[in-house]
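In what follows, a single structure is set out as C-alpha cells and then discussed.
The values are calculated or read from the model by the stated rules, or taken from the named source; none is laboratory data. Only a predicted model underlies this, so the values are computations on that prediction, with no experimental measurement involved. FYI the Cβ positions are ideal-geometry reconstructions off the backbone, even for glycines, and counts take in every protein chain you see.
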Amino acid sequence: MAAEEVTLSSHIQHHLTNAKMCSTDTGLAFNKACADSGFWTWHVDTLAWSIGLGLLFLWIFRSAAKKSTLGVPGKFQCFIEMIVEFVGDNVRDTFHGKSKLIAPLALTIFVWVFLMNLMDLIPVDFLPAFAGLVGETAFGMDSHDVYMKIVPTTDINLTAALALGVFILMIGYSIKIKGVLGFVKELTLHPFSSNNKLAMVFLIPCNLLLELIALVAKPFSLALRLFGNLYAGELIFILIGAVGLMQLPLHFIWAVFHILVIVLQAFVFMMLTVVYLSMASSDNH
C-alpha cells in the first residue's frame, strides 16, 4: 500500500467498509469495483457473520435441548434456562395478545442480536488483518483492498432488514386480528374523530397521514437505534486502536462499558418488537 495512504482517515475508512460483491456486465465484481453498482450489492461479510452467528444460536440451544435433564441440571442447562425464562417473563408481561410465535421470536431476536453485537469486543485489527493476510498470500491481492467488517449490526442494511421483518409482522398481526377493514379504520378514523360525517371526511386525510408516519417511524427507530449505538461503539474502538501502546488499558475500559451497550441494545430491540406486536394485536378500537 502506498505510504500516503497510511493515514488515520484511511485506516478508519478501511475498517468501516464492508466486503462487497456485485454483478456487472463483465461478471462478478468485488469491493471497489462495486462502487457504482447500485442497489444490488451484497455485503458478504455481513451476510456471512450474521448467518454464521444465527446457526451458532441454533446449535447452542439445540444442544441444550438435547442434553436437558429432569434431574439436577448442569451449568450450561441452567444458563440456557435462565435466558429462556428471562425472555418468557418479559413477553408475558408485555404481550397481551395470544400467539405462540412471540416468545420464540423474542428469544431469537435477543440472542441473535446479542451475538452479533458481541463481535464488537473482538480486537478491531485482528480479523481484518487476518483476512488481508489471506487475500495477499492466497490471491495476490493488496491487503488494503481486502475488507472485513465483523460486526453485522454496524451495517445499516442488516438492522434495516431486521426492522423490516418486524414491520411485516406488525402489518400481518394487525390484519389478522382486526381484518383489512379494521386495519384501514385504525389508520383513518383515529386519533381525530367526529360525529359529523362531513367533518370526518376532512379529518380522514389528517388521520391517515399521522398514523402512517407513526407506523413507518417504528421500523425506522428500530433500525437506526441499533445501528447508531453499535456503529459509534465500533468507531471508538477503532480510534482507540490508533493511539499506540496506550490502547490496551483504554480498550479494556471501553470494552467493560460497551458490554452494557451490547446487552442493552439486544434487549431494547427485543422489547420494542414485542411492544409493537402487542399494539398491533390489540383490538381496542
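Scan the range 129-183 residue by residue and report those that are closer than 20 Å to Phe114 by Cβ and small (Gly, Ala, Ser).
Residues satisfying the conditions are Ala160, Ala161, Ala163, Gly165.
May I ask you to list the residues in the range 69-94 that are of a type in the set (Ser, Thr, Tyr) and surrounded by fewer than 14 Cβ atoms within 10 Å (Cβ to Cβ)?
Answer for the range 69-94, where residues must be of a type in the set (Ser, Thr, Tyr) and surrounded by fewer than 14 Cβ atoms within 10 Å (Cβ to Cβ): just Thr69.
Can you go through Ile175, Ile102, Ile171, Ile122 and tell me which one is β-branched (Val, Ile, Thr), surrounded by 16 or more Cβ atoms within 10 Å (Cβ to Cβ) and either over 30 Å from Val261 (Cβ atoms) or in contact (Cβ under 8 Å) with a residue 12 or more places away in the chain (or both)?
Step by step, each of Ile175, Ile102, Ile171, Ile122 is checked, and only Ile102 is β-branched (Val, Ile, Thr), surrounded by 16 or more Cβ atoms within 10 Å (Cβ to Cβ) and either over 30 Å from Val261 (Cβ atoms) or in contact (Cβ under 8 Å) with a residue 12 or more places away in the chain (or both).
What tally of residues in the range 34-59 results from selecting those that are touching a residue at least 40 places away in the same chain (Cβ under 8 Å) and either surrounded by 16 or more Cβ atoms within 10 Å (Cβ to Cβ) or in a strand (DSSP E or B) (or both)? Reasoning before the result, please.
We begin by selecting, within the range 34-59, every residue touching a residue at least 40 places away in the same chain (Cβ under 8 Å); these are 43, 45-46, 49-50, 53-54, 56-57.
Remaining after also requiring either surrounded by 16 or more Cβ atoms within 10 Å (Cβ to Cβ) or in a strand (DSSP E or B) (or both): 43, 45-46, 49-50, 53-54, 57.
Of the residues in the range 34-59, 8 are touching a residue at least 40 places away in the same chain (Cβ under 8 Å) and either surrounded by 16 or more Cβ atoms within 10 Å (Cβ to Cβ) or in a strand (DSSP E or B) (or both).
For the range 143-163, what are the residues that are touching an Asp or Glu at 6+ places or on another chain (Cβ under 8 Å), part of a helix (DSSP H, G or I) and surrounded by fewer than 24 Cβ atoms within 10 Å (Cβ to Cβ)?
Ser143, His144
How many residues, within the range 180-189, are more than 16 Å from Ile213 (Cα to Cα) and either in contact (Cβ under 8 Å) with a residue 24 or more places away in the chain or in contact with an Asp or Glu (Cβ under 6 Å, 6 or more places away or on another chain) (or both)?
Residues in the range 180-189 being more than 16 Å from Ile213 (Cα to Cα) and either in contact (Cβ under 8 Å) with a residue 24 or more places away in the chain or in contact with an Asp or Glu (Cβ under 6 Å, 6 or more places away or on another chain) (or both): 1 in total.
I'm told Gly88 meets every condition in (1) over 23 Å from the mean Cα position of the chain (by Cα); (2) in a helix (DSSP H, G or I) except one. Can you identify the failing condition by its number?
(1)
State all residues of the range 190-222 that are surrounded by 13 or more Cβ atoms within 10 Å (Cβ to Cβ), touching a residue at least 24 places away in the same chain (Cβ under 8 Å) and aliphatic (A, V, I, L, M); if no residue qualifies, say none.
Leu215, Leu222
Going through the range 112-156 one residue at a time, which ones are basic (Lys, Arg) and over 25 Å from the mean Cα position of the chain (by Cα)?
none
With the checklist (1) assigned to a loop (DSSP other than H, G, I, E, B); (2) out of contact with any helix residue (DSSP H, G or I) (no Cβ under 9 Å at 6 or more places or on another chain) in hand, flag the one item Asn18 doesn't pass.
Going through (1) assigned to a loop (DSSP other than H, G, I, E, B); (2) out of contact with any helix residue (DSSP H, G or I) (no Cβ under 9 Å at 6 or more places or on another chain) one by one, Asn18 breaks only (2).
Per-residue answers, yes or no, for (1) buried (at least 19 other Cβ atoms within 10 Å of the Cβ); (2) among the acidic types (Asp, Glu); (3) in contact with a strand residue (DSSP E or B) (Cβ under 7 Å, 6 or more places away or on another chain); (4) farther than 23 Å from Phe86 by Cβ:
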position	(1), (2), (3), (4)
Val184	no, no, no, yes
His258	yes, no, no, no
Leu264	no, no, no, no
Ser278	no, no, no, no
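Here are Gly132, Gly71: which of them is over 24 Å from Ser50 (Cα atoms) and either basic (Lys, Arg) or modelled with pLDDT under 95 (or both)?
Gly71
Name the single residue, out of those in the range 167-200 being aromatic (Phe, Trp, Tyr) and part of a helix (DSSP H, G or I), that is nearest to Thr273 (Cα to Cα).
The residue in question is Phe167.
Is there a residue in the range 228-244 that is of a type outside the set (Lys, Arg), surrounded by fewer than 17 Cβ atoms within 10 Å (Cβ to Cβ) and within 16 Å of the chain's Cα centre (by Cα)?
Scanning the range 228-244, I find at least one residue that is of a type outside the set (Lys, Arg), surrounded by fewer than 17 Cβ atoms within 10 Å (Cβ to Cβ) and within 16 Å of the chain's Cα centre (by Cα), so the answer is yes.
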